[in-house]
Amino acid sequence: MAPLLDLLRPPPHRGPLIAAGAVLVAVGVALEEIRLRDKLPIGVHLAILALAAGVIFALGLQAPAEGGRPPTYQSVLLVSGLGLLAPALLTLADVLGADFGAFPAGALTWTSLLLAGAALWPAIAKGSSICALIAAIAVGVAVLSFVNWATGASSVTTYRWLLAAVALGFIVVSLLLRGPAARHSEQMVNVAGVAVLSIGLTGLVNGVIGQLVPLGRSSDGLLPDGWELFVFAGGCGLLAVAAVDRAPGAAYLGVANLGAFVASATLYQHETLLYWPAILLALGVGAMITGLRPRSPLPPEPSAYRSGSLPLASRTDEDDAVLRVRDDSPPRP
């Protein structure tokens, strides 16, 4: 195995070239799988996907770390390998007899858990935050699929509550990782944002269908006010995290969640300012007025500051304050 592992250890100076080739291979395999899906036996599809995923993922694992964090080309290799591993696991489920005629809840449950385990390995061993993101999303998919598999729940409200629980759970995980793994913590916030956005999309899908097909869905498919508030709060929270931590992912997801909220609060609504527009305008104008209110004059400075001699507790190293308590120099002759 040692010579094989040495072969799968990309030299750092050739890493970008190898990663670029891996992306082309992944896209080429995807096109081959789509175009030849009915031409090749299912076992051949499994072999192609498994071989491509295994080689590219092994290259990503073998790449040497730089400064304690994975280089860019290593992240590209890991994501490309995991991107091929997901359809490979689903193809394996098909080979094992999973029923893909209906929603394959059972197959999605165990394949998502295997994908999460594969992504969690480099997330911990290599410090890859993008792999932590993939692992967290896979865990969320596994939770939703397991509930559908175990209970057969079909109500959209059930899955909205599940998505809300997933979002809150990953917020807690992000707080726990904020100190030891800040980049992983940021990705957990992104997963929570994706879960909240999914809640908004559950209502918008029916709403958009109703707009495009007048005889289709009605306004019952939109989000209730409580869920609209949850999506709105999630979007504002993501933008707050983005502002504090300068996290671009949270900013994009925050804007997407606010866009979903606006769309949900607009479709099928009457031409009136009640209630969301009035509430948001009142809160926004009140916050701006509070921030722009006249400022009270500051109290006068203490006399010691005005005289030019700062108190000892207020002096810095630049003041070169020296306080000699005891003279330990040898006595003079």
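Post the alpha-carbon centroid distance, region 46-92 to region 185-203, in whole angstrom. Taking the Cα centre of region 185-203 as reference, the centre of region 46-92 is 25 Å away. If the chain linking residue 292 and residue 38 were pulled fully straight, counting 0.36 nm for each residue of separation and taking away their Cα-Cα distance, it would gain 84.8 nm. Annotation note: trypsin sites (Lys or Arg not before Pro) in region 29-88 located in DSSP loop regions with a Cβ neighbour count of at most 14 within 10 Å are 37, 39.
Shown is the FRET efficiency for residue 14 and residue 183, computed with R0 = 35 Å from the Cβ-Cβ distance and rounded to the nearest 0.05: 0.85.
For region 35-130, taking Cα atoms only, Rg and Dmax work out to 15.0, 48 Å respectively. With both labels modelled 7 Å from their Cα along Cα-to-Cβ, the residue 246 to residue 153 distance reads 4.1 nm. Packing-based ranking of 280-289, 179-188, 11-20, 138-147 yields 138-147, 179-188, 11-20, 280-289, ordered from highest to lowest mean Cβ neighbour count within 10 Å. Classification of region 90-188 by its C-alpha gyration tensor yields an oblate form. The axis ratio a/c (a ≥ b ≥ c) is 1.5 or more, and b/c is at least a/b. Can you bin region 21-180 into rounded, prolate or oblate? Criterion: square roots of the alpha carbon gyration tensor eigenvalues sorted a ≥ b ≥ c, rounded for a/c under 1.5, prolate for a/b above b/c, oblate for the rest. Oblate. Accessible surface of region 53-125, 1.4 Å probe: 69 percent of it comes from carbon and sulfur atoms. Calculated FRET efficiency, residue 175 and residue 121, Cβ-Cβ r, R0 35 Å, to nearest 0.05? That pair, residue 175 with residue 121, gives E of 0.90.
The values are calculated or read from the model by the stated rules, or taken from the named source; none is laboratory data. What you see is a predicted model; the values in this text were computed from it and never measured. Positions of Cβ are backbone-derived with ideal geometry, glycine not excepted, and every protein chain shown enters the neighbour counts. Side chains included, ligands, DNA and RNA excluded: accessible areas come from the protein's heavy atoms. Shrake-Rupley method; radii C 1.70, N 1.55, O 1.52, S 1.80 Å.
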